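Reading through the structure tokens given below for one structure.
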Amino acid sequence: MSDLALSGLPVLSGALFVPERGVWVADLVVDTETPPTERVQLAAEGVTWEGAVLRGGVSEGRWMGRVVGGRGRLSRVVPPRFYQRLQARPIVEAIMREAGEELAADAPGLTGYLQSWTRARGTAAALLSLVLGHLGLAWRALPDGTLTTAPWPTTAVDASAQELDTDPSINTTMFAPEGLDLLPGMTSAGRTVRDVVYTLDGPSLRAAVTWR
């Protein structure tokens, strides 16, 4: 059993998708008559993730909506620009700044130079994937709400996460975790976690893990 909360408000039910790349997305039902503010914290068992409300509304004493990692502004469209002989870091920082997101200060792999690159008009998410793809990098959201190019840490799945059953046909295992600490990059029995889908229905928190 795990108590999931959104900025201190009880989450009654919902689903949280944590991908290997990109930002996490949570569709939640929260016990409140007051809509959460733009910046929120999703927490369980001492683990807290900073995110943003993408959309939602209150009905009959419950807020139903979507929360995403980062600042929630990756779908914003940024204007075209031309870069010549410029390091990758300021290019990535410019995309995030114009969209309203923030790059982690220690994001690795951005010291290389692009000889020339025309940034077409497009969403921040699409342009980030494009420029980082040139460098062989990907991006994801950190628990503090910033975005990084660092891969997920490789650690063992905690023994407290009870393994319930495995469906080999879709390479997925269901766990009963205590909190939100079962993440991509973790390993168990020679397998590596690719994506995680948490679901909460009443008191039961479950995590469906897809392996690489």
Summed side-chain charge close to residue 71 - residues other than residue 71 whose Cβ falls under 10 Å, Lys, Arg +1, Asp, Glu -1: -1
For the range 66-212: relative contact order, % (alpha-carbon pairs under 8 angstrom, 6 or more apart): 19
Percent carbon-and-sulfur accessible area, the range 1-97, ignoring ligands, DNA and RNA, probe 1.4 Å: 48
Top of 70, 109, 22 by mean-square fluctuation, Gaussian network on the chain, Cα under 10 Å: 109
Amide H contacts of residue 54 (H built 1.01 Å from N, under 5 Å, at least 5 apart or other chain): 66, 67, 68
Selected from 182, 86, 127 as most flexible by GNM, with the chain as the system and alpha-carbon contacts under 10 Å: 86
Directionally averaged projected area (convex hull, Cα atoms, the range 101-170), nm²: 8.0
Interchain or long-range residues, amide H under 5 Å from residue 86's placed H: 114
Residue 155 accessible area, 1.4 Å probe, all protein chains in place, Å² to nearest 10: 60
Per-residue [θ]222 nm for the chain (sum of -39500 (n - 2.57) over DSSP H runs n ≥ 4, rounded to 500): -3500 deg cm²/dmol
Environment charge at residue 30 (Cβ cut-off 12 Å; Lys +1, Arg +1, Asp -1, Glu -1): -1
For the range 95-109, 3J(HN,Hα) per residue [Karplus equation, 6.51 cos²θ - 1.76 cosθ + 1.60, θ = phi - 60°, Hz, x = Gly/Pro]: 4, 5, 5, 5, 7, x, 9, 9, 8, 4, 4, 9, 4, x, x
Kirkwood Rh, angstrom, the chain [1 / mean 1/r, Cα pairs]: 18.3
Per-selection Rg to Rh, the range 39-87 - Cα, Kirkwood hydrodynamic radius: 1.22
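Give me the net charge of residue 145's neighbourhood, meaning all other residues with Cβ under 14 Å from the Cβ of residue 145; Lys, Arg count +1, Asp, Glu -1.
Here the charged neighbours net out to -1.
Residues of the chain: accessible area per residue at 1.4 Å, in Å²?
In whole numbers, the chain has 49 Å² accessible per residue.
The values are calculated or read from the model by the stated rules, or taken from the named source; none is laboratory data. Remember, it's a predicted structure, so these values are computed and weren't measured experimentally. Backbone-built Cβ (ideal geometry, glycine too); neighbour counts: all protein chains shown. Ligands, DNA and RNA are excluded from the accessible area calculation, which covers all protein heavy atoms including side chains. Shrake-Rupley method; radii C 1.70, N 1.55, O 1.52, S 1.80 Å.
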